[in-house]
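The values are calculated or read from the model by the stated rules, or taken from the named source; none is laboratory data. Keep in mind it's a predicted model, so treat the numbers as computed, not measured. Neighbour counts are summed over all protein chains in view; Cβ atoms, including those assigned to glycine, are modelled from backbone coordinates with ideal geometry. These area figures cover heavy atoms from the full protein model, side chains too; ligands, DNA and RNA do not enter into them. Shrake-Rupley method; radii C 1.70, N 1.55, O 1.52, S 1.80 Å.
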Amino acid sequence: VGTQEKGKGFAIDAAGADVIEWVFAAAEFCLLTQPLDSTRRNDQLLIRMLLSKPPHPVLTHIAFHLPLVSMQGVPLVEPGTNCGPPTGIKIRSLGSKKPDGSVAWSCSYRLESPGGPSLLVVGPTLRAEEVEAGKVDALLLSPRNPEALQIVQKVAPGLVVLDDAFVCQSFPNLPRISLRNLHALQKAMQPQRSVLLAPGESWDVTVAR
């Protein structure tokens, strides 16, 4: 995700071959929504970010194994709190801990950039009641979320970008989302604007006036 400042931005679930060449120089931090899914992260990129001087923060709510890096030195995000690196971008993790202290396998985030567009990242486990009402400029939405339509109605985003559209199947019991189902979700959201981005495609989001 690029910001208004030239050459600066951040990454969300950066994954894939050669992603370091495309992401590292501009990524001030990397945000992981589903850290235990190895297909949604690039460990070489994360190692380079964490071993840089100064390090580029990696935001994760669950610890996982990384070679050369001790996760004990990586602070974990606590759902429902303000978090993030001192880049000027306000970041709040969404969701809540269970009574026993455990967390869901995915974490959602709201990001506010000074003078720039606001972004809501909605993972598969976020509930509508955990989302604060208020418009956002863009919503990155997992179509696996059972309360997706309620969340969209609650925040009235300027644009919905559907996630998981072209990612590979990561677990044998979790099939890929079909284009038929994605198009059905887009139809159910109408007249809300939504888009599916293929690998390599991009979309400019502006602040609502």
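Values for this structure:
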{"quantity": "Where ARG110 falls short, out of the listed (1) outside any loop (DSSP other than H, G, I, E, B); (2) open to solvent by less than 40 Å² (accessible area, probe 1.4 Å); (3) in contact with a Lys or Arg (Cβ under 9 Å, 6 or more places away or on another chain)", "calculated": "(2)"}
{"quantity": "Matching residues, segment 26-50, being acidic (Asp, Glu) and farther than 15 Å from ALA63 by Cβ", "calculated": "GLU28"}
{"quantity": "Hits in segment 113-136 - residues which are among the aliphatic types (A, V, I, L, M) and crowded, with 18+ Cβ neighbours inside 10 Å", "calculated": "LEU119, LEU120, VAL121, VAL122, LEU126, ALA128, VAL131, VAL136"}
{"quantity": "Of all residues in segment 12-42 being open to solvent by 40 Å² or more (accessible area, probe 1.4 Å) and within 19 Å of LEU76 (Cα to Cα), the one that is modelled with the highest pLDDT", "calculated": "LEU36"}
{"quantity": "When residues of segment 184-209 are limited to those that are assigned to a helix (DSSP H, G or I) and open to solvent by less than 100 Å² (accessible area, probe 1.4 Å), the one nearest to LEU36 (Cα to Cα)", "calculated": "LEU185"}
{"quantity": "Flag if THR39 is touching a residue at least 40 places away in the same chain (Cβ under 8 Å) and β-branched (Val, Ile, Thr)", "calculated": "yes"}
{"quantity": "Whichever residue in segment 66-85 is hydrophobic (A, V, I, L, M, F, W, C) and under 15 Å from the mean Cα position of the chain (by Cα) and, among such residues, is least open to solvent (accessible area, probe 1.4 Å)", "calculated": "VAL77"}
{"quantity": "Those residues of segment 62-75 which are outside any strand (DSSP E or B) and either out of contact with any strand residue (DSSP E or B) (no Cβ under 9 Å at 6 or more places or on another chain) or farther than 21 Å from GLY123 by Cα (or both), in sequence order", "calculated": "ILE62, ALA63, PHE64, HIS65, PRO67, LEU68, SER70, MET71, GLN72, GLY73, VAL74"}
{"quantity": "Some residue of segment 128-148 being touching a helix residue (DSSP H, G or I) at 6+ places or on another chain (Cβ under 6 Å) and in a helix (DSSP H, G or I)", "calculated": "yes"}
